[in-house]
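The block underneath contains the structure these notes are about, expressed in structure tokens.
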């Protein structure tokens, strides 16, 4: 499961997250996002912000890499971190840079693995 801020890494740090993930994964995997992630990136791409171009790159990569887009199982629209917390299980691997989300994930799911950016140079599975 890729979080919104994780998808900004290619634009921010010029890192090929897809190649990095391929290099660190020793098991089959599917790359997934929630539809709300696309909406969040679209909102960032439309506004005048420092991440505008990074969000455009992320949206292009989502299409290019044909990422699996999942629906939020909850009826209510919510903040993407809450959607991730409510819709995954401990078998998932979450890709995020968000420190608060990492803490919540580790507290809720024992043994959950997280892929994150290390030293602004490479990804690591923690």
Inset, instruction - Test residue 124 against the criterion of being surrounded by fewer than 17 Cβ atoms within 10 Å (Cβ to Cβ) and touching a strand residue (DSSP E or B) at 6+ places or on another chain (Cβ under 8 Å), and give yes or no. - result: yes
Legend entry - Enumeration of residues in the stretch 30-67 that are assigned to a loop (DSSP other than H, G, I, E, B) and under 29 Å from residue 91 (Cα atoms): 30, 31, 65, 66, 67
Inset, instruction - Identify, from the list 91, 77, the residue that is closer than 19 Å to residue 125 by Cβ, modelled with pLDDT under 95 and over 12 Å from the mean Cα position of the chain (by Cα). - result: 91
Legend entry - Pairs where the first residue, in the stretch 5-16, is at positive phi and the second is surrounded by 17 or more Cβ atoms within 10 Å (Cβ to Cβ) and in a loop (DSSP other than H, G, I, E, B), C-beta under 7 Å, 6+ apart: none
Legend entry - Given (1) at pLDDT below 95; (2) more than 18 Å from residue 125 (Cα to Cα); (3) surrounded by 15 or more Cβ atoms within 10 Å (Cβ to Cβ), number of the condition residue 48 does not satisfy: (3)
Legend entry - Check on residue 27, in a helix (DSSP H, G or I), modelled with pLDDT under 95 and either exposed (fewer than 12 other Cβ atoms within 10 Å of the Cβ) or touching a helix residue (DSSP H, G or I) at 6+ places or on another chain (Cβ under 9 Å) (or both): no
Inset, instruction - Determine, yes or no, whether residue 107 is surrounded by fewer than 18 Cβ atoms within 10 Å (Cβ to Cβ) and at pLDDT 95 or above. - result: yes
Inset, instruction - Name every residue in the stretch 1-24 that is outside any loop (DSSP other than H, G, I, E, B), under 19 Å from residue 94 (Cα atoms) and touching a strand residue (DSSP E or B) at 6+ places or on another chain (Cβ under 9 Å), in order of residue number. - result: 2, 4, 6, 7, 9, 17, 20, 21, 23, 24
Inset, instruction - Among the residues of the stretch 68-95, write down those that are in a helix (DSSP H, G or I) and touching a strand residue (DSSP E or B) at 6+ places or on another chain (Cβ under 6 Å). - result: 83
Legend entry - Selected residue (only one of 119, 73 is loosely packed, with under 11 Cβ neighbours inside 10 Å, without any contact (Cβ under 8 Å) to a residue 40 or more places away in the chain and in contact with a helix residue (DSSP H, G or I) (Cβ under 8 Å, 6 or more places away or on another chain)): 73
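The values are calculated or read from the model by the stated rules, or taken from the named source; none is laboratory data. Just so it is clear, the structure is predicted and the values come from calculations on it, not from any experiment. No Cβ is skipped: glycine too gets one built from the backbone with ideal geometry, and neighbour counts run over all protein chains shown.
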